Amino acid sequence: MFLQACEPGPPAPEPVAIAYANAWMKGDVKAMWALLTSASQQSVGMSGFIDRIPRIAEEMTQKSVEVKVGQALHPRLPDGSPDPRSATVPLSVVYHTERVGDIKAEPKLHLVLEGEKQDAKWRIDWSPEALMPDLSTGRLVRMTRLPTTRGRIIARDGTELATFADGTEVGVVPGQIRDEAAMLASLSSALGLKADQIKAMYTQSWVKPDTYVAIRQIRDLSPDVRAKLSVIEGVQLRPIRLRSYPSGLLPQILGTVGEATDAEATKLASSGVVAGDVIGKSGLEQTLDEYLRGTYGWRLSIVDENERQVETLAETAATPGLDAVLSIDPAMQRAADAAFAGQKGAMVVEDPWSGEILVLSTSPNTDQFDRATFGQYATGSTFKLVTSAAALRTGALKPGEKVNCPFRWTGYGPQWVQVNHETADLGLIDLHTALARSCNTFFYELGKRLNDIDPNVLPDEAKSFGLGAATNIDFVYEAEGIVPSPDWKKQHVAGSPTWDPGDATNLAIGQGYLLATPLQMADYVSAVANDGTVWKPRLVVELRDRAGNVVKTFPKEVLRQANTKPTDLSLIRDGMRGVVADTDGTVYYPFRTYQIPVAGKSGTAETSTPGAVNAWFIGFAPFDSPRLAVATVYEQYHEYPGHYGSQDAATATRKVLAVKLGGTPQ
């Protein structure tokens, strides 16, 4: 008997497909390359494989890939038997991408058996279709960014404060330039740019002859300039949308937009922002940018050699930016802006029952410095409301008690003299008269009494009304102001760290180191009007989508309760009514003919400029049912006989109150 040796059959193709899949999932492109046929390696080339696959992954923003290997199928020979030297293995691929989510593909691997007998090995006859079925030779994978639109900033009544308007973008296509010198001369003259600036833009390394390069964006392009530009060979004009601020209101608050720098684009990359995109640069445009900006969309496609789309693999839709709605009353805001008539200053109007800001005016509004939230001023006699509350609460002043109001106050001895602004002795007066006539010496006495109880009583009272700390208003940058105290002076006044009695009496009338912003003062007088609730001021009240649906609200929020009692505040409000209603009140004249009852307090604070003061009027109206609280300051106001800063501040306030409450504005 003869035994015939059995030759082993050819190896199965699946292990090679599995090795390829495992190497792919690990990102081991060289291991994948090693599994290709010699013919494929020669046809594709090492760079066409080892370099291209990572580039495709990068274009897709691929985070990882899952590959499952199916059962090999052999094509049939002419006699109907399976071809032992050829096989097709189906793959189930899931690309996990950052920008367009998961993408599923069902490519196939074509394998051939190379070598004979024991040297036979399966190798992959590779083409780009092994990655994606439609990715044939010459085709590319492209990630395209889909545009978004920036949201508006609007007032609650619908007035557009920040929106978009039609504009024109002027650009250059280098390959279309016939006479470069003539083109540069004409374009630089029309755009106000230097010729070398323009040339530097269209000669960057990435620019091709047929690339359109934007040179400048113009909001209002005159017909004459448009006609001149349109005939320059190599120059193109394209319609665009530009950020616009049609109302002219709140320029310091709204802020600006500009092109994203490389560093800014890196931080905002998750939203699809690239360098050169429009983002908020200052003001609300910056602080609300994440809501206004929207999110760019992405489309992953296969394109042909001419960049024409062949197949859409996946898409993430762009999300338009939201509209931000402000509590601002445009009519009141316009009246406030006009009321200053060029005088430096600020005015803030607040709803005393919600903290909503109706007016946030800075003059001049061409100045980028926002006096309403960043201007820090000594409050002058407007602080006497705090002193009154502290004195009533502690018993330093009894309700109905009368205190002397001399011209000269010597409560700390004859060697320490502090004087009143009125030269006559008024004798014994009550709180109503002391506030109405703003008697300094009355409040020096209260300051002494409070300091004798505890030097921190008055500073702490001021802090309870929100002074000396940020109001925490959302989306608006603000200064914190200063409320001096023994500890504060020890930390901040190196040359004189001791809290002196004179510090207490100065604080009692709003002088010395005390500083506050108009926003803080409006919030403070709101608390006086509403029985002691200190609100977190609100400017942004809600966010809406483009259909007008409310997406997010910013509800009213109580910061704290002032350290006072409603009965005490009632006495203080009575004195504030006397300020404007009593014939000897400090701002009687501006309101003498006004039909709406107003309560207020004037204040004049010295400045470092001789003859110039910072003059205040704060108050609320109507007196019996407050709807508006206001703080107005005139900065560096030069007083002279018949013209006083606090009275002019009150006159400006009346004009604004009349817009909302009625009555004659002057």
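The values are calculated or read from the model by the stated rules, or taken from the named source; none is laboratory data. Small disclaimer: the values here were computed from a predicted structure and weren't measured. FYI the Cβ positions are ideal-geometry reconstructions off the backbone, even for glycines, and counts take in every protein chain you see. Only protein heavy atoms, including side chains, enter the accessible area calculation; ligands, DNA and RNA are left aside. Shrake-Rupley method; radii C 1.70, N 1.55, O 1.52, S 1.80 Å.
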* Structure fact -> Flagged in the range 383-395 as open to solvent by 10 Å² or more (accessible area, probe 1.4 Å) and among the aliphatic types (A, V, I, L, M), in numbering order, are Leu392
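Residue under question is Asn306, and the condition is that it be farther than 30 Å from Ala162 by Cβ, among the polar types (S, T, N, Q), assigned to a loop (DSSP other than H, G, I, E, B) and open to solvent by 50 Å² or more (accessible area, probe 1.4 Å); does it hold?
Against the criterion (farther than 30 Å from Ala162 by Cβ, among the polar types (S, T, N, Q), assigned to a loop (DSSP other than H, G, I, E, B) and open to solvent by 50 Å² or more (accessible area, probe 1.4 Å)), Asn306 qualifies.
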* Going through the range 92-110 one residue at a time, which ones are in contact (Cβ under 8 Å) with a residue 60 or more places away in the chain and either in contact with an Asp or Glu (Cβ under 7 Å, 6 or more places away or on another chain) or not in a strand (DSSP E or B) (or both)? -> Arg99, Val100, Gly101
* Structure fact -> Exactly one of Ser222, Ser247, Ser270, Ser230 is among the small types (Gly, Ala, Ser) and touching a residue at least 12 places away in the same chain (Cβ under 8 Å), and that residue is Ser247
* Asked: Given the conditions (1) touching a Ser or Thr at 6+ places or on another chain (Cβ under 8 Å); (2) open to solvent by 40 Å² or more (accessible area, probe 1.4 Å); (3) farther than 28 Å from Val141 by Cα; (4) of a type in the set (Ser, Thr, Tyr), and given that Ser222 satisfies all but one, which numbered condition is not satisfied?
  -> (1)
* From Gly400, Gly413, which residue is under 20 Å from Ser570 (Cβ atoms) and surrounded by fewer than 18 Cβ atoms within 10 Å (Cβ to Cβ)? -> Gly400
* To do: Select from the range 567-582 the residues that are open to solvent by 10 Å² or more (accessible area, probe 1.4 Å) and farther than 16 Å from Gly400 by Cα and list them in ascending order.
  => Arg577, Ala581, Asp582
* Which of the residues that make up the range 33-79 are open to solvent by less than 30 Å² (accessible area, probe 1.4 Å), under 14 Å from Asp125 (Cβ atoms) and in a helix (DSSP H, G or I)? -> Ser40, Phe49
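Wholly within the range 137-246, which strands (runs of 3 or more DSSP E) include no fewer than the required count, namely at least 1 residues that are of a type in the set (Phe, Trp, Tyr)?
Because the criterion is at least 1 residues that are of a type in the set (Phe, Trp, Tyr), the strands (runs of 3 or more DSSP E) in the range 137-246 that meet it are 160-172.
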* To do: Answer yes or no as to whether Val235 is in contact with a Leu (Cβ under 6 Å, 6 or more places away or on another chain), of a type in the set (A, V, I, L, M), modelled with pLDDT of 90 or more and at negative phi.
  => yes
* **Residue satisfying all of: in the range 115-136; of a type in the set (D, E, K, R) and not in a strand (DSSP E or B); nearest to the chain's Cα centre (by Cα) among these** => Asp134
* Asked: For the range 351-380, what are the residues that are among the hydrophobic types (A, V, I, L, M, F, W, C), open to solvent by 20 Å² or more (accessible area, probe 1.4 Å) and closer than 20 Å to Tyr637 by Cα?
  -> Phe369, Phe374
* Structure fact -> The condition of being more than 23 Å from Val551 (Cα to Cα), more than 25 Å from the chain's Cα centre (by Cα) and in contact (Cβ under 8 Å) with a residue 24 or more places away in the chain holds, among Ser282, Ser301, Ser363, only for Ser301
* **Matching residues, the range 358-374, being hydrophobic (A, V, I, L, M, F, W, C), out of contact with any strand residue (DSSP E or B) (no Cβ under 7 Å at 6 or more places or on another chain) and not in a loop (DSSP other than H, G, I, E, B)** => Phe374
* Only one of (1) out of contact with any Phe, Trp or Tyr (no Cβ under 6 Å at 6 or more places or on another chain); (2) in a loop (DSSP other than H, G, I, E, B) fails for Gly466. Which number is that? -> (1)
* **Search result, residues across the range 492-530 that are under 32 Å from the mean Cα position of the chain (by Cα), in contact (Cβ under 8 Å) with a residue 60 or more places away in the chain and not in a helix (DSSP H, G or I)** => Leu514, Leu515, Ala516, Thr517, Asn530
* **Every pair of residues 6+ apart whose Cβ atoms lie under 7 Å, when the first sits in the range 60-87 and is hydroxyl-bearing (Ser, Thr, Tyr) while the second is surrounded by 12 or more Cβ atoms within 10 Å (Cβ to Cβ) and assigned to a strand (DSSP E or B)** => Thr61/Thr97; Thr61/Met143; Ser64/His96; Ser86/Val112
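I need the full set of residues from the range 513-531 which are farther than 12 Å from Ala629 by Cα and either buried (at least 20 other Cβ atoms within 10 Å of the Cβ) or in contact with a Gly (Cβ under 8 Å, 6 or more places away or on another chain) (or both), in order please. Don't jump to the end; show me each part of the working.
Within the range 513-531, the subset farther than 12 Å from Ala629 by Cα is 513-517, 531.
Scanning the range 513-531 gives Leu514, Leu515, Ala516, Thr517.
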* Asked: Do any residues in the range 132-156 that are farther than 21 Å from Leu242 by Cβ and among the small types (Gly, Ala, Ser) have Cβ atoms under 9 Å from those of residues that are open to solvent by 70 Å² or more (accessible area, probe 1.4 Å) and part of a loop (DSSP other than H, G, I, E, B), where the two are at least six apart or on different chains, and which pairs are they?
  -> Gly138/Glu305
* Asked: Taking the stated definitions as given, is Thr144 open to solvent by 50 Å² or more (accessible area, probe 1.4 Å) and more than 23 Å from Ser92 (Cα to Cα)?
  -> yes
* To do: Could you identify the single residue in Ala155, Ala185, Ala195 that is surrounded by 17 or more Cβ atoms within 10 Å (Cβ to Cβ) and modelled with pLDDT of 90 or more?
  => Ala155
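One line per residue, one yes/no per condition, for (1) of a type in the set (Ser, Thr, Tyr); (2) more than 46 Å from the chain's Cα centre (by Cα):
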| position | (1), (2) |
| --- | --- |
| Trp24 | no, no |
| Ser38 | yes, yes |
| Ile50 | no, no |
| Pro54 | no, no |
| Lys68 | no, yes |
| Asp79 | no, yes |
| Gly101 | no, no |
* **Selection count where residues are open to solvent by 20 Å² or more (accessible area, probe 1.4 Å) and of a type outside the set (Val, Ile, Thr), scope the range 419-439** => 10
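Inside the range 317-350, can you point out the residues that are over 18 Å from Thr632 (Cβ atoms) and either open to solvent by less than 10 Å² (accessible area, probe 1.4 Å) or under 19 Å from the mean Cα position of the chain (by Cα) (or both)?
Let us first name the residues in the range 317-350 that are over 18 Å from Thr632 (Cβ atoms), namely 317-327, 330.
If the condition is that a residue be over 18 Å from Thr632 (Cβ atoms) and either open to solvent by less than 10 Å² (accessible area, probe 1.4 Å) or under 19 Å from the mean Cα position of the chain (by Cα) (or both), then Thr319, Pro320, Gly321, Leu322, Asp323, Ala324, Val325, Leu326, Ser327, Pro330 are the ones that fit.
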* **Unmet criterion (only one of (1) open to solvent by 60 Å² or more (accessible area, probe 1.4 Å); (2) more than 19 Å from Gln333 (Cβ to Cβ); (3) in a loop (DSSP other than H, G, I, E, B)) for Gln636** => (3)
* **Residue identified as touching a Pro at 6+ places or on another chain (Cβ under 7 Å) and crowded, with 21+ Cβ neighbours inside 10 Å among Ala605, Ala650** => Ala650
* Listed residues Gly585, Gly548; which is open to solvent by less than 60 Å² (accessible area, probe 1.4 Å) and either assigned to a strand (DSSP E or B) or touching a helix residue (DSSP H, G or I) at 6+ places or on another chain (Cβ under 8 Å) (or both)? -> Gly585
